[in-house]
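The values are calculated or read from the model by the stated rules, or taken from the named source; none is laboratory data. Predicted model, so just to flag it, every value in this text is computed and none were measured. FYI the Cβ positions are ideal-geometry reconstructions off the backbone, even for glycines, and counts take in every protein chain you see. Side chains are part of the model used for accessible areas, which takes the heavy atoms of the whole protein and leaves out ligands, DNA and RNA. Shrake-Rupley method; radii C 1.70, N 1.55, O 1.52, S 1.80 Å.
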Amino acid sequence: MNQENKVAALDAEAMSIKSVSLWRITWRRLFRRRSAVVGMIILGILVVIALTAQWIAPYDPLQVLIGIEPVKQRQAPCIHLFGCPEDQPQHIAGIDGNVRDEFSRLLYGTRVSLWIGLSTVTFAIVIGTILGALSGYFGGWVDNVIMRIMDVLLAFPSLLLAIAIVTVLGPGLTNALLAIGIVSIPSYARVVRASVLSVREMDYVSATRALGGSNFDILFRRILPNAMTPLIVQGTLGIATAILDAAALSFLGLGAQPPMPEWGSMLGSERNQVFTAPHLVFLPGFAIMLTVLSFNLLGDGLRDALDPRLAHNT
Amino acid sequence: MIQYILRRFFASIPVLFGILLVTFALTRLIPGDPCRAILGEKATDEVCDRFIKEKGLDKPILTQFGIYLTEMSRGEFGQSFRFGMPVTRLLAERLPTTVELSFSALILSMIVGIPLGIISAVKHNSWVDVITMVWANIGVSMPVFWLGLMLAYVFSLLLKDTPFWLPPSGRISPGISSPSVAEVWGLTLPETGFVTGFFDFISRMNILNALLTANWKLFKDAVQHMILPAVALGTIPMALIARMARSSMLDVLGQDYIRTARAKGLAYRNVVLKHAFRNSLLPLVTVIGLSLGSLLGGAVLTETIFGLSGVGRTLYEAITARDYGIVQAFTIVIAVFFVVLNLIVDISYAYLDPRIRLN
């Protein structure tokens, strides 16, 4: 190999290291935190379940088993491994109030919950980023108007505001998602505004302006990338809150409507049966907790991993 | 300090105006006929026509907003068609339950959360720390309604014939009398008025009432009924407080002045409790303030599960029954309450950290 080729190879290597380093460092730090790893494992399993639900679920989540199998309404779980007679059909999580297989419904519920978390937070991040960026970049009356509106949104307890918005829009999963999205906009707007304010006056921004960069260029290419890190952390933790709030709305009958296999509404429709069929209340709630926990652990881990003050630990 | 309080107070006026605007928009945007929404489905056309004229609902929207603002500033919240009584009276009846529940939950979360957080920080990375943090992570991830139902299942059903049994719903057992504070103290109060209202309000908070009237039978019963709802509602703030207490304590314990205090020979205990704890309070105040919002939201769920007729459950039922008199009034009261709490948090923040009020 001649000298020039070696140099080129070294250059390429150096460049490739540089271009992935931030994410690689974050990744490495993330893996060092036990809680973050636990969060990622739980989340990974949930994602696999969500993607493969139609193959791993033993029953159709909407199929009513009356006349198909000798099962009773709200029958307790029957697991062959734990001594349930072999001649009875196996239902790992029992039968629900409408004589459907609870386990299949729980598996499909993973899909709904992950979708709820991702869609509401994406919506809130997009709108929140735009509002926060405009507010922080332009300042003055734009800032005042936008942030006062955010203050008003924050003045209501988020679940109550979501309930109120759903009332106006009408109950249903889509409207519940929209409501939760709207009430979570302010936290993202504030995060973005804060990062925009912190770099707005920096020299490299002035340099871009001096070079003739448009406002759009400055804002989206030079300033907003700085807001990425806090947004990722806030977003991950926000998914956890969104799933909890959506489950609460569905529990109250304002979100997902039966027969959709959504955990909150599954739990809500059986809540009066807690003393007679506790599995129908325990299992969906446990599933919600596990999902929320995984996002919380991951979010906390990301916050630590992305914190520049801890940079020397790598 | 006074200047700071005034500044913060005036800053919250646009927010209060915004709240009124949102609530106004909410009641006007709700689909359907406003007259039947307010008077109920059974109202006849004749009654409705008169009602619309009377309330000015046929006037331009801006005029309507003006009328609404005047009514609100006079405290005229209107009637609830389902209960057939003024909304303000309903509020006076239901608010004490929620206040009692939220305060019990908050106090519980503080007396458990703060010491746990401090111990975890002092014994950093020990098993106490690990268990507290695992538990705190699970605590913030639990749906309030699930926790409530599970607590009821365990304490009201599984532990039925043990001394640990706790009632699954209600505020006091039938047969327990709760004479009002004024009655027991032998006060003669006027029919209406602020003092009467005040005494009425505190009498409706069973635990406080029992304490003030030394009614121990009522006290035991009311506390028993309050434990499960307070634990269900208080778990999330408890976990948040424990986490924040730990991390801010860890921050402070790493400071130079802590080492100085130790170096000059002060007992570790004193250093932690007097020097470190005070300085770690600031972030804690924020978390406690923010928790109040989630408490009010969580109160809807907790009250629904434990059959308590408080503000949250009444508001939720009013929303589903489209009882707009209640929706309007309760939303405003909750939001205003929340704004005032935030104001108090901000002011205590300034009190604890002089740098804030001087900036």
Return yes when B:Leu157 is aliphatic (A, V, I, L, M), more than 30 Å from B:Asn215 (Cα to Cα) and within 14 Å of chain A (Cβ to nearest Cβ) and no when it is not. no
Of the residues in the stretch B:314-332 that are open to solvent by 60 Å² or more (accessible area, probe 1.4 Å) and part of a helix (DSSP H, G or I), the one that is farthest from the other protein chains (Cβ to nearest Cβ) is B:Glu317
Can you tell me which of A:Ile127, A:Ile92 is surrounded by fewer than 22 Cβ atoms within 10 Å (Cβ to Cβ) and at pLDDT 95 or above? A:Ile127
If you check B:Ala299, B:Ala335, which single one turns out to be within 9 Å of another protein chain (Cβ to nearest Cβ), at pLDDT below 85, assigned to a helix (DSSP H, G or I) and surrounded by 24 or more Cβ atoms within 10 Å (Cβ to Cβ)? B:Ala335
Which condition breaks for A:Leu231 when tested against (1) surrounded by 24 or more Cβ atoms within 10 Å (Cβ to Cβ); (2) in a helix (DSSP H, G or I)? (1)
Taking the stretch B:256-296 as the search range and keeping residues that are in a helix (DSSP H, G or I), away from chain A (no Cβ under 14 Å) and of a type in the set (Gly, Ala, Ser), which one is nearest to B:Leu106 (Cα to Cα)? B:Ser280
By my count, helices (runs of 4 or more DSSP H) wholly in the stretch A:117-225 with at least 2 residues that are within 14 Å of chain B (Cβ to nearest Cβ) and among the β-branched types (Val, Ile, Thr) are A:140-154, A:158-169, A:173-200
Filter result for the condition that a residue is surrounded by fewer than 18 Cβ atoms within 10 Å (Cβ to Cβ) and either at the interface with another protein chain (Cβ under 8 Å from one of its Cβ atoms) or among the basic types (Lys, Arg) (or both), over A:Gly264, A:Gly253, A:Gly285: A:Gly253
Need pairs with beta-carbon distance below 6 Å; first residue closer than 13 Å to A:Phe103 by Cβ and within the stretch A:57-86, second among the aromatic types (Phe, Trp, Tyr) and crowded, with 16+ Cβ neighbours inside 10 Å; sequence gap 6+ or separate chains. A:Pro61/A:Tyr108
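To keep it simple, each residue is scored yes or no on (1) without any contact (Cβ under 8 Å) to a residue 12 or more places away in the chain; (2) out of contact with any Lys or Arg (no Cβ under 9 Å at 6 or more places or on another chain).
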residue: B:Val195; (1), (2): yes, yes
residue: B:Asp200; (1), (2): no, yes
residue: B:Ser203; (1), (2): no, yes
residue: B:Asn206; (1), (2): no, no
residue: B:Leu211; (1), (2): yes, yes
residue: B:Phe219; (1), (2): no, yes
residue: B:Ile241; (1), (2): no, yes
Residues of the stretch B:223-244 classified as open to solvent by less than 10 Å² (accessible area, probe 1.4 Å) and under 12 Å from B:Ser109 (Cα atoms), total: 8
Yes/no for A:Ser135 being polar (S, T, N, Q) and at pLDDT 90 or above: yes
Got a number for residues in the stretch B:39-79 being in contact with a Phe, Trp or Tyr (Cβ under 6 Å, 6 or more places away or on another chain), within 21 Å of B:Ile19 (Cβ to Cβ) and among the aliphatic types (A, V, I, L, M)? 0
Could you tell me whether the stretch B:304-313 includes any residue that is among the hydrophobic types (A, V, I, L, M, F, W, C) and either free of Cβ contacts under 8 Å to residues at least 12 places away in the same chain or closer than 14 Å to B:Leu90 by Cβ (or both)? yes
In this structure, does B:Glu46 turn out to be under 30 Å from B:Tyr349 (Cα atoms) and more than 14 Å from chain A (Cβ to nearest Cβ)? no
Does the stretch B:132-153 include one or more residues that are facing chain A (nearest Cβ under 10 Å), under 30 Å from B:Val287 (Cβ atoms) and open to solvent by 70 Å² or more (accessible area, probe 1.4 Å)? yes
For the stretch B:111-131, check the following and say yes or no: at least one residue is among the aliphatic types (A, V, I, L, M), open to solvent by 60 Å² or more (accessible area, probe 1.4 Å) and more than 14 Å from chain A (Cβ to nearest Cβ). yes
Which condition breaks for A:Arg222 when tested against (1) open to solvent by 20 Å² or more (accessible area, probe 1.4 Å); (2) within 17 Å of B:Ala152 (Cβ to Cβ)? (2)
Just wondering, is there one or more residues in the stretch B:79-97 that are touching a residue at least 12 places away in the same chain (Cβ under 8 Å), hydroxyl-bearing (Ser, Thr, Tyr) and within 14 Å of another protein chain (Cβ to nearest Cβ)? no
Going by the conditions given, is A:Val37 assigned to a helix (DSSP H, G or I), modelled with pLDDT of 85 or more, open to solvent by 50 Å² or more (accessible area, probe 1.4 Å) and of a type outside the set (Lys, Arg)? no
Tell me which residues, restricted to the stretch A:234-250, are away from chain B (no Cβ under 14 Å) and open to solvent by 10 Å² or more (accessible area, probe 1.4 Å). A:Gln234
